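Asker: Got a structure for you, questions after.
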Amino acid sequence: MSNDSVRDAGRRRPAVPRLALASAAVGVLTAAAAAFTFTGSASAGTTLGASAAEKGRYFGTAVAANKLSDNTYVTILNREFNSVTAENEMKWDATEPTQGQFNFSNADRIVSHAQARGMKIRGHALAWHSQQPGWAQNMSGSALRQAMVNHVRQVATYYRGKIDSWDVVNEAFADGSGGGRRDSNLQRTGNDWIEVAFQTARAADPGAKLCYNDYNTDNWTHAKTQAVYNMVRDFKSRGIPIDCVGLQSHFNSGSPYPSNYRTTLQNFAALGVDVQITELDIEGSGTTQANTYRSVVNDCLAVARCNGITVWGIRDSDSWRASGTPLLFDGSGNKKPAYDATLSALNSGTTPTNPPTNPPTNPPTNPPTNPPTNPPGGCSATVSVNSWNTGFTASVRVTAGGSGTNGWTVSLTLPGGTSVVNTWNAQASGSGGTVRFSNVNYNGRLSAGQSTEFGFQGSGSGSGLSPTCSAS
């Protein structure tokens, strides 16, 4: 979401009907490069994070560093969630208040808390027209472009290996019927500024998933949704590195949950990117609110590449829209009917193994090969590849068979002239020819049907990869 005014104590201004927003939403998310499986102390299926992990997904929340001393807040955070997003602490004004001088202290508090508990971290956000430091607001042209590139490079490099997904660019498209780019100081540096930010982020942290994040992109028929879709399709066709799209999904009476929400998720996923629900909050109460949360979760679970949901805050009192009581816990930290509906949907949902039956034109450019068959024992693996002219990154999902695993090894035969440059969430052995990737200490033990992910960067061609998995 966006907020063009400075917030009091980190809280954003109250919401207004979405289509009336000009700069209304503050982008989200950070999620850690720790295990894809939930490593908290709760039993699987009894908390949001544990249940999501059973489906190979995360369930996260936005976190404010100044609330990490609140016992009720931290108790819920540690118990319920397996992913965090820094609410404001990773944005440009927080991390580079003076040009060339970086301050990561508050963001580091959140990262350290998440890493100590095996939580994913979503990075939010590297480049955005809002919440820029004053010195950047006063820049333009090539000076601003160079400052933006340096900021993206420095912040992504600092957190290299710790961030699961970065919101590289946030809210770059305008509301309304035109479906065009938002007029901003960054846009006025040249229409290629978004792809430059993505290319810079890839070079700085090749292991992180790179996302575009926006609000008012939930309804498939809206011009803004179509504009973002066309940009992602263009990027994929030209080899611009983009791995995911974030839908903020702030729902209220002026911007209700759309009946075609699942279609939107499916159509973005069919381009060959992950989709993530990044800033979910739903104004309301009681059964109506609970049913909408249930619908959103069911829609995500119905799309294989919808790999995570983040709610924008923990208790209603923590929300930027507190008067709308939009979250899963009330101000005292008690579970609401919306929580029960969300957990029930997570526990009862299934993960599809097949793509949408009616995807849009221009289907995924790099669909997973060899979908998992969930054999009685052992394990299976699928791979998704994002390629550019001289290299690629591969994301590999390992799924345990009916006996579960104590450890796993994935083997891949690389094309001639291809080599592995970097690996995350796994240990690689071998070079050229066949390369074997084995689990690390936090992601080898999988329950039956449970999944985890690892990835690697390669130089050369990433075509024709066909992984095989063996379990111990």
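The values are calculated or read from the model by the stated rules, or taken from the named source; none is laboratory data. Source: prediction; values computed, not measured. Don't worry about glycine lacking a Cβ; one is built from the backbone with ideal geometry, like all the others, and counts go over all protein chains shown. Side chains are part of the model used for accessible areas, which takes the heavy atoms of the whole protein and leaves out ligands, DNA and RNA. Shrake-Rupley method; radii C 1.70, N 1.55, O 1.52, S 1.80 Å.
Asker: Could you please state how large a percent of the accessible area of segment 223-332 is carbon and sulfur, counting protein chains only and using a 1.4 Å probe? Kindly include the intermediate steps, with their values, before the conclusion.
Answerer: On the way: 1250 of 2770 Å².
The value for segment 223-332 is 45 percent carbon and sulfur by accessible area.
Asker: What length, rounded to one decimal in nm, is gained on full extension from Arg436 through to Thr413, with 0.36 nm per residue of separation minus their alpha-carbon distance? Can you show the working numbers first?
Answerer: Details: separation 23, 0.36 × 23 = 8.28 nm, distance 0.89 nm.
Contour length minus the Cα-Cα distance gives 7.4 nm.
Asker: Okay, next question. Provide the FRET efficiency to the nearest 0.05 for the Asn150-Ser403 pair, computing r from the beta carbons and using R0 = 45 Å.
Answerer: Working: r = 50 Å, r/R0 = 1.12.
In this case the efficiency is close to 0.35.
Asker: To continue, here is another question. Over segment 379-471, with the other protein chains present, what is the accessible area per residue in square angstrom, probe 1.4 angstrom? Please list the in-between numbers first.
Answerer: Details: 3640 Å² over 93 residues.
Normalised by residue count, the accessible surface of segment 379-471 is 39 Å².
Asker: Here is a further query. So, in Å, what gap is there between the alpha-carbon centers of segment 216-269 and segment 294-326?
Answerer: For segment 216-269 versus segment 294-326, the Cα centre distance is 16 Å.
Asker: Could you pull out the pairs from Lys91/Lys224; Lys162/Lys236; Lys67/Lys162; Lys91/Lys336; Lys91/Lys120 whose alpha carbons sit more than 29 Å apart here? Intermediate results must be reported in sequence, preceding the final value.
Answerer: Numbers: Lys91/Lys224 24 Å; Lys162/Lys236 25 Å; Lys67/Lys162 22 Å; Lys91/Lys336 31 Å; Lys91/Lys120 18 Å.
Violating the 29 Å limit, Cα to Cα: Lys91/Lys336.
Asker: Any chance you could look up the accessible area of Asp281 with a 1.4 Å probe, heavy atoms only, rounded to 10 Å²?
Answerer: Roll a 1.4 Å probe over it and Asp281 shows about 0 Å².
Asker: Here's something else I'd like to know. Just the number, please: carbon plus sulfur as a percent of the accessible area of segment 379-471, 1.4 Å probe, no ligands or DNA/RNA counted. Spell out each step's value before the answer.
Answerer: On the way: 1520 of 3640 Å².
Roughly 42 percent, rounded to a whole number.
Asker: Would you kindly find the accessible area of Cys379, with a 1.4 Å probe and non-protein molecules such as ligands, DNA and RNA excluded, rounding to the nearest 10 Å²?
Answerer: Accessible area, nearest 10 Å²: 10 Å².
Asker: Per residue, how many Å² of accessible area does segment 48-348 show with a 1.4 Å probe?
Answerer: Values: 8950 Å² over 301 residues.
Normalised by residue count, the accessible surface of segment 48-348 is 30 Å².
Asker: Next question. Residues of segment 124-142 with backbone nitrogen within less than 17 Å of a virtual label 7 Å along the Cα-to-Cβ line of Asn191, please, listed as ranges.
Answerer: none
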